[in-house]
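Below you'll find the structure, written out as structure tokens, and then a few comments.
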Amino acid sequence: MRKNNKDYSLSNLNLQTQRVLSGMRPSGRLHLGHYHGVLKNWVKLQHQHECFFFVADWHVLTTHYDNPSIIEQSLWDMVIDWLAAGVNPGSATMFIQSKVPDHAELHLLLSMLTPVSWLERAPTYKEQQDKLANKDLSTYGFLGYPLLQTADILMYKAGAVPVGQDQVPHVEMSREIARRFNHYYGKKPGFEQKAEAAIKKLGKKNAKLYNALRKDFTQEGNEESFDKAHALIEGHASISLGDKERLVGYLDGGGKIILPEPQAMLTPVSKMPGLDGQKMSKSYNNVIEMRESDESIEKKIKRMQTDPARVRLTDPGDPNNCPVWQLHEVYSTVKIKEWVTEGCKSAGIGCLECKGPVIECIKQETTEFRERAKEFEESPDLVKNIISEGTERARVIAKETMQDVRDVMGLSYR
Ligand code: TRP
Ligand code: SF4
């Protein structure tokens, strides 16, 4: 029977046994925003779940098909940063999307049952087209971006997909596509007739309501209708338990789940500010890289703007108008933060002095990254081996899924 959102959150056991999968487009060296926003979470999850993390290299080509030369270097730089953050090949499986070509086959097969309107409706579709207006993104591949992502997710029957807010609609789409897939291909023989007979037993009025709710759920993906139909069945006194199960199963296909519906696992929002107080992002040119040198970190932070009211040392300031304070919010203890607030407002400390503890913390954090990265920078083969071992593990699962998918789609002849 279908597990909907509510069931998942109720069951701890379920949560812990869920397979986690997430991907990242290779974008070169990662910065502290990536660390605090994504990687720190991956490192934590790898101890709680079976985790698969992969490089979404094909996804880069959906927007950068005109510049493929950037992919390779960015890819290895990014993987080294995953390792530097503490993603551990002993706990998590790391692989490259294009090295498991089954993703392409699943993408193709899913495309057969994916309405174009679902893809056109994805918020990222129009957004990115507008944002990257200098590029021709009226391509088939770009339209299919969320479908490729769906194939990535469904391939591993992942229960949970850690992503940021912007990616939630894509995970939603993968749920809808899984549901549609199960609807078409998850039927047991004779199931449909039995379910239709059970609907008749509901009585004319309720049967009509059931059918309307079912349609709204299976075709529009409206979960509320699922819940309502469920309540309707539960509340019906005179039908057998077998029929009740049949009617619930019929709501999302035929009862057999071939591709389970994943859940987005929203990554806790990171407040990691950049050097200018805006969100840290390469496009704002305000980043500190994970493997940035001590000297460079020191230089960048010393150059940071502070509260413009503090022209002279004797001018009092307000931490709320200062990007340095935002870094204290991430890195400093309560005690240091009190020292800053007090010293800033009373002009008791200078800005350079105030930056000191932040510089120290960031240096300490990045030193750890640099130390972990060192052996991988020195021997690229080590990184390649980790990835090929991960890829092997991924392929085993992908092969199994594809076998099931080909079977139910009538493609298992030899
Ligand atoms: N689209 C995701 C991003 O831009 C990357 C991605 C590709 C992904 N496939 C995925 C994330 C599967 C989670 C699961 O960040
Ligand atoms: Fe910013 Fe610290 Fe200077 Fe106050 S003392 S303006 S918080 S750097």
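The values are calculated or read from the model by the stated rules, or taken from the named source; none is laboratory data. These numbers were taken from a predicted model, which means no experiment stands behind them. Cβ sites come from the backbone with ideal geometry, for glycine too, and all protein chains shown count toward neighbours.
Of note:
Each row is one residue, and each column tells you yes or no for (1) surrounded by fewer than 20 Cβ atoms within 10 Å (Cβ to Cβ); (2) assigned by TED's automatic domain parsing to the domain that holds residue 398; (3) acidic (Asp, Glu).
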residue	(1), (2), (3)
47	yes, yes, no
67	yes, yes, no
72	yes, yes, yes
87	no, yes, no
95	no, yes, no
98	yes, yes, no
105	yes, yes, yes
123	yes, yes, no
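- Residue check for residue 300: out of contact with any helix residue (DSSP H, G or I) (no Cβ under 9 Å at 6 or more places or on another chain), surrounded by 12 or more Cβ atoms within 10 Å (Cβ to Cβ) and either in a loop (DSSP other than H, G, I, E, B) or not aliphatic (A, V, I, L, M) (or both): yes
- Looking at segment 1-117, the helices (runs of 4 or more DSSP H) lying wholly inside it that each contain 3 or more residues that are out of contact with any Leu (no Cβ under 6 Å at 6 or more places or on another chain) and modelled with pLDDT of 95 or more sit at 40-45, 57-64, 71-85, 102-111.
- Single residue of segment 297-322 satisfying the filter (β-branched (Val, Ile, Thr) and in contact (Cβ under 8 Å) with a residue 12 or more places away in the chain) that is farthest from ligand 2 (Cβ to nearest atom): 297
- Yes/no for residue 352 being within 11 Å of ligand 2 (Cβ to nearest atom) and either out of contact with any Lys or Arg (no Cβ under 8 Å at 6 or more places or on another chain) or among the polar types (S, T, N, Q) (or both): no
- Residue list for segment 323-347, restricted to those being farther than 21 Å from residue 270 by Cβ, more than 9 Å from ligand 2 (Cβ to nearest atom) and either among the small types (Gly, Ala, Ser) or surrounded by 16 or more Cβ atoms within 10 Å (Cβ to Cβ) (or both): 339, 346
- Within segment 230-240, being within 15 Å of residue 200 (Cα to Cα) and either part of a helix (DSSP H, G or I) or at pLDDT 85 or above (or both) holds for 232, 233, 236, 239, 240.
- Members of segment 150-174 found to be crowded, with 21+ Cβ neighbours inside 10 Å and of a type in the set (D, E, K, R), listed by number: 152
- Residues within segment 129-153 that are of a type outside the set (Ser, Thr, Tyr) and near ligand 1 (Cβ under 10 Å from one of its atoms), tallied: 6
- Some residue of segment 203-224 being in contact with a helix residue (DSSP H, G or I) (Cβ under 7 Å, 6 or more places away or on another chain), crowded, with 16+ Cβ neighbours inside 10 Å, at pLDDT below 85 and closer than 30 Å to residue 330 by Cβ: no
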